[in-house]
1. Among the residues of region A:41-70, what is the count of those that are away from chain B (no Cβ under 14 Å) and in a strand (DSSP E or B)?
2. For region B:50-74, enumerate the residues that are assigned to a strand (DSSP E or B) and more than 30 Å from A:R10 (Cβ to Cβ).
3. Condition first: without any contact (Cβ under 8 Å) to a residue 40 or more places away in the chain, of a type outside the set (S, T, N, Q) and in contact with an Asp or Glu (Cβ under 7 Å, 6 or more places away or on another chain). Can you find one or more residues in region A:75-98 that meet it?
4. Tell me the residue from B:V80, B:V87 that is modelled with pLDDT of 95 or more and β-branched (V, I, T), please.
5. Return the residues of region B:25-49 that are in a strand (DSSP E or B) and of a type in the set (F, W, Y); say none if nothing qualifies.
6. Scan region B:80-101 and give yes if some residue there is charged (D, E, K, R) and within 12 Å of another protein chain (Cβ to nearest Cβ), otherwise no.
7. Only one of these is of a type in the set (A, V, I, L, M), part of a strand (DSSP E or B) and in contact with a His (Cβ under 9 Å, 6 or more places away or on another chain): A:I12, A:I21. Name it.
8. Determine, yes or no, whether B:L75 is modelled with pLDDT of 95 or more and either away from chain A (no Cβ under 14 Å) or crowded, with 18+ Cβ neighbours inside 10 Å (or both).
Amino acid sequence: GAVVSQHPSRVICKSGTSVKIECRSLDFQATTMFWYRQFPKKSLMLMATSNEGSKATYEQGVEKDKFLINHASLTLSTLTVTSAHPEDSSFYICSARDPADSGRNEQFFGPGTRLTVL
Amino acid sequence: GNSVTQMEGPVTLSEEAFLTINCTYTATGYPSLFWYVQYPGEGLQLLLKATKADDKGSNKGFEATYRKETTSFHLEKGSVQVSDSAVYFCALGAGGTSYGKLTFGQGTILTVHP
């Protein structure tokens, strides 16, 4: 099956710094990737849709200048949390569309990145 | 808009007990339905899926049937194991202008005791 990786798996940073999280599709090309945020014991909240070669589409209420998304190649999307603050601490998960979608509308998820801002 | 509602958790069972986690949805058109499982500290894994009404998804002893008449996709397993302890998410994949996006339920924590 399709495999999606994320790096790093865990990051701790100081308030005010920027953090970059990478999402890679390892054995397929993904024109569309998604970024989610998960709070403790809560569901996943879609933050944005990352489109290869074009600007990301952000969900309502998500600050695009705060969460920068770049999808420079068919196998890599990055999420940069700029000027991170403690309230940005969360579990960030990416996913990629099934390349042979055929209307199944299925996504493959990365293992997630735990961000802690001190 | 689209929405997914799961039964409130947490659910605590003894090993070999029967499991049901209810899931109902609201959507326009003909969505695909999914159950994802998240083990502690990990990302989501697809457990099973169904793409049209009356389809039954099954995997690892878990089953769910796409019921359009009741807009439901309840997850069941006849005999749970300790290793099934995880968080379970029901999700909907819509069509139309929202094609490709998933809408998740709030998740149900399952704990299975020996």
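The values are calculated or read from the model by the stated rules, or taken from the named source; none is laboratory data. Note that the structure is predicted; figures quoted are calculated from it, not measured. Ideal geometry is used to build each Cβ from the backbone, glycine not excepted, and the neighbour counts take in all protein chains shown.
1. 4
2. The answer is B:A50, B:K56, B:G57, B:S58, B:E63, B:A64, B:T65, B:R67, B:S72.
3. Scanning region A:75-98, I find no residue that is without any contact (Cβ under 8 Å) to a residue 40 or more places away in the chain, of a type outside the set (S, T, N, Q) and in contact with an Asp or Glu (Cβ under 7 Å, 6 or more places away or on another chain), so the answer is no.
4. Every option except B:V80 fails the conditions.
5. Residues satisfying the conditions are B:Y25, B:F34, B:W35, B:Y36.
6. Going through region B:80-101, the residues charged (D, E, K, R) turn out to be B:84, B:101.
Now drop any that are not within 12 Å of another protein chain (Cβ to nearest Cβ), which leaves B:101.
Within region B:80-101, one or more residues are charged (D, E, K, R) and within 12 Å of another protein chain (Cβ to nearest Cβ).
7. Just one listed residue meets the conditions, A:I21.
8. yes
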